[in-house]
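See below for the structure under consideration.
The values are calculated or read from the model by the stated rules, or taken from the named source; none is laboratory data. Only a predicted model underlies this, so the values are computations on that prediction, with no experimental measurement involved. Don't worry about glycine lacking a Cβ; one is built from the backbone with ideal geometry, like all the others, and counts go over all protein chains shown. Calculation scope for accessible area: heavy atoms of the full protein, side chains included, ligands and nucleic acids excluded. Shrake-Rupley method; radii C 1.70, N 1.55, O 1.52, S 1.80 Å.
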Amino acid sequence: MNKIKSGFISIVGRPNVGKSTLLNKIIGHKISIVTNKAQTTRNNIRGILTEKEYQLIFVDTPGIHTSKNQIDRFMNSSAMRSMKEVDVVVFMAPADETIGKNDLFILNELSKKNDIKKILVISKADVVSKEKLFLKATEWNTYEKIFDEIIITSSTENINIDKLIETIVGFLPETGHYFYDEDSITDQPNRFAIREIIRESVLLKAGQEVPHSVAILVDELEETEDEINIVASIIVERKSQKGIIIGHQGKKISDIKYKSRKQIKELFEKDVNLELFVKVQENWRNSPSLIKKMGYDKDKY
């Protein structure tokens, strides 16, 4: 049998601890959306890293947090399910924040899992002093018995990312095969990637004013050898949010369209025609049928 190691790795943690940034850094491509807003990841996104000796399939999960509505409950259950049937769990905790109740909740869940390898990653090491980093590492050492390895990292400064990959590979079984084609970087369909790119653009442009009331529907998607034609709807919960996203004289929606089109073009290496509409669907985050329509189907992830 070929000595190929392959397996599944779940990245968990509370919101905004750097999970998506880490995934994108490891894969070398933008797989998961990154903003400074909490809870931007809503689905478990698989990123795939393939080398000659191994294939790592990463699951970037939503941040585990206090549930306020139906979409929050979906995100939490999605994240918790990701810790099942994987080979390794990477638990991320930022160096610049205190250990909170959501961290303790995740730690409690991890302490029950004796059949998988667990790595604590203390992230964002570049944003604190060496003294504070030492104190944070000492604080987390209280929980060292839960973990097989503790690694301090920074995705932006590329600190210990190679060490993390090496550690994960060491924990994986020798399967002798890849689960995905060698050139695959994600198993998400094109429609999903387009939706997430548009949603990221909206959050970056209007995130403070419309934090998590936004969802994207790809209404039409037509792809040829040379171009992609897309018609998409930006769904919000209130009429006031629609006005915020459109902006004065349509400037904000024009910026969102420009940024989205540019990123989609870079991703697919084709010309892109993009039409965007803003629609109001009141209270969509508490409607299971609307949540499913938006693409957040618990049976798929």
Based on what the data block shows, is LEU204 modelled with pLDDT under 85 and open to solvent by 10 Å² or more (accessible area, probe 1.4 Å)?
-> yes
Of everything in the range 131-183 that's of a type in the set (Ser, Thr, Tyr) and buried (at least 16 other Cβ atoms within 10 Å of the Cβ), which residue is modelled with the highest pLDDT?
-> THR167
Does the range 96-149 hold any residues that are among the small types (Gly, Ala, Ser), over 20 Å from ILE161 (Cα atoms) and without any contact (Cβ under 8 Å) to a residue 60 or more places away in the chain, and which are they?
-> SER111
Checked the range 111-127 for anything of a type outside the set (D, E, K, R), out of contact with any Gly (no Cβ under 8 Å at 6 or more places or on another chain) and buried (at least 18 other Cβ atoms within 10 Å of the Cβ); matches are ILE116, ILE119, LEU120, VAL121, ILE122, ALA125
For ASP162, state whether it is under 26 Å from LYS118 (Cβ atoms) and out of contact with any helix residue (DSSP H, G or I) (no Cβ under 8 Å at 6 or more places or on another chain).
-> yes
Does VAL17 satisfy the criteria of being modelled with pLDDT of 75 or more and either open to solvent by less than 10 Å² (accessible area, probe 1.4 Å) or closer than 24 Å to VAL214 by Cα (or both)?
-> yes
Is there a residue in the range 97-104 that is surrounded by 15 or more Cβ atoms within 10 Å (Cβ to Cβ), farther than 30 Å from GLN263 by Cβ, of a type in the set (D, E, K, R) and in contact with a helix residue (DSSP H, G or I) (Cβ under 8 Å, 6 or more places away or on another chain)?
-> no
Got a sec? Which helices (runs of 4 or more DSSP H) wholly within the range 212-301 have at least 3 residues that are in contact with a helix residue (DSSP H, G or I) (Cβ under 8 Å, 6 or more places away or on another chain) and at pLDDT below 85?
-> 288-293
Which numbered condition trips up SER78, out of (1) crowded, with 20+ Cβ neighbours inside 10 Å; (2) modelled with pLDDT of 85 or more; (3) over 26 Å from THR156 (Cα atoms); (4) polar (S, T, N, Q)?
-> (2)
